[in-house]
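J.: If you scroll down you'll find the structure; I have some questions about it.
The values are calculated or read from the model by the stated rules, or taken from the named source; none is laboratory data. Since we're looking at a predicted model, the values are computed, not measured. Heads up, the Cβs are rebuilt from the backbone with ideal geometry, glycines too, and the neighbour counts pull from every protein chain shown. Side chains are part of the model used for accessible areas, which takes the heavy atoms of the whole protein and leaves out ligands, DNA and RNA. Shrake-Rupley method; radii C 1.70, N 1.55, O 1.52, S 1.80 Å.
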Amino acid sequence: MAELIYSTKEVYTTYLKDRKYKIPEYQRGYKWNEKQICQLILDINSFETDDKEDLFYCLQNITLYPSVADKNILHVVDGQQRLTTTYLLFCYLGMQDYLEDKFIYAVRESSNVFMQKIQNESKEFILSILQSENFDSFCSDFEALDFDHQDIYYMYSAICTIDKTIKEHHINLDRFREKFVQNVKFIVNEIHSNIKEQELFMNLNTGKVPLDGADLVRAIIITRVAKEEMISFNQDSIKDIVRMNEKRTRIGWELDQLNQWWSSKDVKNFYKPFAKLELDSQETIEFNEDINPINILYKLWASTKADVLKLKLFENTSISALVLYKELIILHRTLVDWFSDRAIYHYLGYLANNQRNFNFKKYYDLWNENESNRESFKTQLRKDIEKIVFRSENKGEPGFSYWSEQILNYEGENKTNWYESNRLEEFLVLLDVIEISSNENYRFLSPNHFKKNKEDKEHIYPCTPKNIKELENSTNDFQAIEQYLIKLDKRDLFPYQEKEWKKKSDLEKEEILKELESKIHQLTPINAIGNLVLLHYSINRGFGNDYYIDKRASVINNVQNGEYVRQHTLNLFVKGRTEVINLNEWTFKDVENNCKSIEESLRVFFGIKKEEYEEPAA
């Protein structure tokens with residue numbers, strides 16, 4: 001066959017020619033219910049055709065297997081419920097002539113008699129159905145024909161539902177007939193292979209899923225592109241049909257290659273946040289990327305054309321199928337390029353996951369601008385990241401200067417509490433993006449980690465510092481307190497000499513130590529951004545208030561065991577970026593240095609000079 005998609009009229013005429021459809025004995029009987037029939041009628045009626053035959057409502061596919069005994073008999077292996085429904089609709093609409101000697105219902109002889117009567121005696125027989133009080137009375141009227149069977153009941157009910165739906169919704173029959181015969185179509189799959197018919201039936205009917213948007217787009221492309229490439233195609237020429245099928249095989253293989261790339265877990269997870277286009281409320285076909293990952297590509301293409309997703313975009317006759325296919329290939333190659341470019345991957349990944357109104361079309365158009373090149377594209381991406389990161393938290397306080405102040409405000413009573421900030425996640429993820437996008441030695445950030453992903457906020461220096469009271473139990477409590485405060489760089493908080501301290505009573509010591517503990521909590525940068533990281537639940541929740549050396553050992557152990565740890569987090573626990581003084585301790589000096597390092601990283605990444613935001617000295 002030279003085509004894959006046929007209108008309901010063509011399915012019974014030009015496609016079938018002198019052959020016949022047969023619903024084989026192993027098929028279950030007809031069983032479409034009132035809801036399914038009603039929905040089909042309303043869907044067809046509301047479908048926008050723009051008076052173009054190329055725009056179609058798809059009734060999904062029918063799979064046919066030529067009879068071994070008679071080559072002019074096509075067994076309907078899959079899709080018999082849909083095909084039978086169209087048969088009944090043709091009869092109700094008075095177009096039964098298309099069906100003459102075209103349909104054998106072998107499931108049951110009496111059911112076949114019903115089907116033949118509804119075609120041969122269309123008006124009278126349908127009137128007898130509609131005028132009957134119910135199915136029982138109808139069966140009594142035709143008692144000799146043994147119509148009292150479940151499949152005949154559903155056929156009877158289908159005619160009644162068609163009539164009821166058309167009348168209740170005041171459907172224009174002339175316009176409906178026109179749509180039904182021209183714009184309602186099947187994907188026809190005629191099987192010629194050595195596989196046994198019953199085996200094929202079992203394969204098709206076990207765990208089947210509804211026809212997806214990717215299936216229809218594939219059918220549109222394979223059917224039309226090859227035909228458009230063969231301008232002088234002659235459907236009566238065997239040579240042309242062979243060439244046509246060769247082209248379709250090539251296109252099918254190319255689409256399979258695309259779908260294979262899109263099936264990669266990392267590719268799917270990376271580009272899913274880009275495809276924000278919502279399905280049109282009137283669209284009946286889903287574009288499920290979990291079933292067919294290539295649907296992400298189709299959604300992204302559609303987002304460059306419209307505000308909602310609908311099949312009509314791919315059937316649109318304003319562009320040819322060949323142009324559609326070429327645009328899809330170009331888009332695919334662009335997305336492959338972006339995925340492999342270290343900087344673009346991380347910049348766009350961050351924007352797609354953190355920009356409130358991420359617009360894929362904006363960036364695709366920017367990429368394709370004549371004056372745009374790779375470096376200017378990256379520059380614009382950094383500018384857009386800068387806008388969303390340094391947006392105004394409070395009116396009148398936008399920009400880098402405000403956020404620089406928050407990062408460096410880690411001392412004093414009014415220091416910034418980053419632990420309670422709803423912006424912490426964005427900044428910590430951005431630090432990953434900055435570090436990885438510029439370092440070829442790091443593996444790309446996992447697509448799932450452009451946002452917090454099963455992670456907790458974790459203090460590097462514990463949020464509950466060592467209890468001062470514990471030091472009282474030391475052999476020399478004064479020395480223990482003094483050494484502890486020196487490590488914290490807070491010796492000035494304890495203005496006592498050893499002799500003076502020993503003269504104080506236990507009650508006095510208790511009051512002094514209680515006040516000292518309170519001051520340490522007030523003055524230390526526990527909640528500074530330089531003391532905070534993101535860690536997976538499985539790692540973080542086993543920490544409690546462990547000290548740095550214990551946390552460090554746990555993080556390194558988890559990395560060695562294959563657990564994912566963010567690059568920024570890992571760098572802090574191995575002290576990979578700073579001047580190493582002591583690998584086993586994390587002091588407030590480390591927190592201070594890390595805050596300064598974070599501020600410097602952001603400033604360099606966005607190309608902001610200090611004089612741009614610092615006030616001149618008085």
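J.: Which of (1) modelled with pLDDT of 80 or more; (2) open to solvent by 40 Å² or more (accessible area, probe 1.4 Å); (3) of a type in the set (Asp, Glu) is the odd one out, the single condition residue 590 does not satisfy?
T.: All conditions pass for residue 590, except number (2).
J.: Continuing with the same structure: Of the conditions (1) open to solvent by 20 Å² or more (accessible area, probe 1.4 Å); (2) at pLDDT 75 or above, residue 613 clears all except one; give me its number.
T.: Every listed condition holds for residue 613 apart from (2).
J.: Is at least one residue of region 49-57 open to solvent by less than 20 Å² (accessible area, probe 1.4 Å), modelled with pLDDT under 90 and within 22 Å of residue 154 (Cα to Cα)?
T.: No: zero hits.
J.: Follow-up. Give 231, 251 a once-over and let me know the one that is β-branched (Val, Ile, Thr), part of a helix (DSSP H, G or I) and either open to solvent by less than 10 Å² (accessible area, probe 1.4 Å) or out of contact with any His (no Cβ under 8 Å at 6 or more places or on another chain) (or both).
T.: Answer to the selection: 251.
J.: For region 439-461, enumerate the residues that are closer than 28 Å to residue 587 by Cα and hydroxyl-bearing (Ser, Thr, Tyr).
T.: The answer is 442, 461.
J.: For region 264-303: of the residues being among the polar types (S, T, N, Q) and in a loop (DSSP other than H, G, I, E, B), which is modelled with the highest pLDDT?
T.: Restricting to residues being among the polar types (S, T, N, Q) and in a loop (DSSP other than H, G, I, E, B), the top hit is 264.
J.: Going by what's in this entry, would residue 261 be described as part of a helix (DSSP H, G or I) and open to solvent by less than 20 Å² (accessible area, probe 1.4 Å)?
T.: Against the criterion (part of a helix (DSSP H, G or I) and open to solvent by less than 20 Å² (accessible area, probe 1.4 Å)), residue 261 does not qualify.
J.: Could you go through region 65-83 and let me know if any residue there is touching a residue at least 60 places away in the same chain (Cβ under 8 Å), under 32 Å from the mean Cα position of the chain (by Cα) and within 30 Å of residue 168 (Cβ to Cβ).
T.: yes
J.: Please find, among 64, 74, 16, 83, the residue that is in a loop (DSSP other than H, G, I, E, B), open to solvent by less than 40 Å² (accessible area, probe 1.4 Å) and touching a strand residue (DSSP E or B) at 6+ places or on another chain (Cβ under 8 Å).
T.: Just one listed residue meets the conditions, 16.
J.: Would you check if residue 340 is under 29 Å from residue 260 (Cα atoms) and exposed (fewer than 14 other Cβ atoms within 10 Å of the Cβ)?
T.: yes
J.: Does residue 307 satisfy the criteria of being modelled with pLDDT of 95 or more and of a type in the set (Asp, Glu)?
T.: Values: modelled with pLDDT of 95 or more: no; of a type in the set (Asp, Glu): yes.
Judged against the criteria, residue 307 is not a match.
Listed here are the residues, each with its yes/no results for (1) hydrophobic (A, V, I, L, M, F, W, C); (2) surrounded by fewer than 21 Cβ atoms within 10 Å (Cβ to Cβ).
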position	(1), (2)
135	yes, yes
142	yes, yes
158	yes, no
168	no, yes
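J.: Given the conditions (1) assigned to a loop (DSSP other than H, G, I, E, B); (2) of a type outside the set (Gly, Ala, Ser); (3) in contact with a helix residue (DSSP H, G or I) (Cβ under 7 Å, 6 or more places away or on another chain); (4) open to solvent by 80 Å² or more (accessible area, probe 1.4 Å), report the number of the one that residue 147 does not fulfil.
T.: Result: residue 147 passes all but (4).
J.: When region 116-133 is examined, which residues are found to be more than 14 Å from residue 84 (Cβ to Cβ), surrounded by 18 or more Cβ atoms within 10 Å (Cβ to Cβ), of a type outside the set (A, V, I, L, M, F, W, C) and at pLDDT 90 or above?
T.: The one that is more than 14 Å from residue 84 (Cβ to Cβ), surrounded by 18 or more Cβ atoms within 10 Å (Cβ to Cβ), of a type outside the set (A, V, I, L, M, F, W, C) and at pLDDT 90 or above: 117.
J.: Moving on to the next point. Just one of 299, 276 is open to solvent by 30 Å² or more (accessible area, probe 1.4 Å), under 12 Å from the mean Cα position of the chain (by Cα) and basic (Lys, Arg); which is it?
T.: Going through 299, 276 in turn, just one is open to solvent by 30 Å² or more (accessible area, probe 1.4 Å), under 12 Å from the mean Cα position of the chain (by Cα) and basic (Lys, Arg): 276.
J.: Would it be correct to say that residue 535 is at pLDDT 80 or above and open to solvent by less than 30 Å² (accessible area, probe 1.4 Å)?
T.: yes
J.: Quick check, is residue 451 assigned to a loop (DSSP other than H, G, I, E, B), at pLDDT 90 or above and surrounded by 14 or more Cβ atoms within 10 Å (Cβ to Cβ)?
T.: Details: assigned to a loop (DSSP other than H, G, I, E, B): yes; at pLDDT 90 or above: yes; surrounded by 14 or more Cβ atoms within 10 Å (Cβ to Cβ): yes.
The answer is yes for residue 451.
J.: Take residue 118 and decide whether it is among the aliphatic types (A, V, I, L, M) and closer than 17 Å to residue 152 by Cα.
T.: Yes, satisfied.
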